[in-house]
Amino acid sequence: MNIKEIIGNSILVKQAILADENFIRRIDASVNMIVETYKNKGVVLFCGNGGSAADAQHWAAEFTGRFYYDRPPLNADALHVDTSYLTAVANDYSFDEVYARMVRAKGKAGDVLVGISTSGNSANVINAMKAAKEIGMKVIAFTGETGGEMKDVCDVLINVPSTDTPRIQESHGMIGHIICQGVEEQMFPKL
């Protein structure tokens, strides 16, 4: 293991994002989409598996709690946190349906779903994105370089320019924080 090489590789991915004006515009578009949803009394739902589920829960908490400063809470939810629901639906239907059913229960037209998958091919996240589109929600996809199947089911694609899962997740974390900060600043500008 070469620690400096690992850190350097993480920096290279972030430098590629920094240099890509189209990528920066997609981050900004995500902020604006979420702000519009909140201004219309909507909700932002998050879903992912493993580390991506951790990101989903983290970002939902940033919206409902606070990011940089005290302000009213914003309506957000990570769809995996109800273990009774998750295990019942996975058992009675299939794990591929756990998020789609929750999207149909909680989402409405104009809301936002953020689907997170480093491969872009997680079936349960893709099914949730399809369910969201069917009911008129907007969809943001966080993926790795190719976008996987998720690239065809989203309104905004945040496809980190890497195929290395840890480097993708590190960049997802950075971009998620940028979006949280942008939403907070637009919704509750400091005077």
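Details
- Residues (open to solvent by 90 Å² or more (accessible area, probe 1.4 Å) and in a helix (DSSP H, G or I)) located in the range 1-46: Ile3, Lys4, Glu5, Ile7, Leu12, Gln15, Leu18, Glu21, Arg25, Glu36, Lys39
- Cross-chain or 6+ apart pairs with Cβ under 7 Å, the range 80-106 first and closer than 23 Å to Gly136 by Cβ and open to solvent by 80 Å² or more (accessible area, probe 1.4 Å), then at pLDDT 95 or above and part of a helix (DSSP H, G or I): Arg101/Val89; Arg104/Ala131
- Residues located in the range 160-174, provided they are out of contact with any Phe, Trp or Tyr (no Cβ under 7 Å at 6 or more places or on another chain) and either open to solvent by less than 10 Å² (accessible area, probe 1.4 Å) or within 16 Å of Cys47 (Cα to Cα) (or both): Val160, Ile168, Gln169, Ser171, Gly173
- Leu45 meets the conditions (1) in contact with a strand residue (DSSP E or B) (Cβ under 6 Å, 6 or more places away or on another chain); (2) more than 27 Å from Thr163 (Cα to Cα); (3) in contact (Cβ under 8 Å) with a residue 60 or more places away in the chain; (4) not hydroxyl-bearing (Ser, Thr, Tyr) in every case but one. The failed one is (2).
- Looking only at residues in the range 182-191 that are more than 19 Å from Ala78 (Cβ to Cβ) and of a type outside the set (Gly, Ala, Ser), the one that is most open to solvent (accessible area, probe 1.4 Å) is Leu191.
The values are calculated or read from the model by the stated rules, or taken from the named source; none is laboratory data. Remember, it's a predicted structure, so these values are computed and weren't measured experimentally. So basically every Cβ, Gly included, is an ideal-geometry build from the backbone, and we count neighbours across all protein chains shown. The protein model used for the area step is the full one, side chains on, heavy atoms only, and it has no ligands, DNA or RNA in it. Shrake-Rupley method; radii C 1.70, N 1.55, O 1.52, S 1.80 Å.
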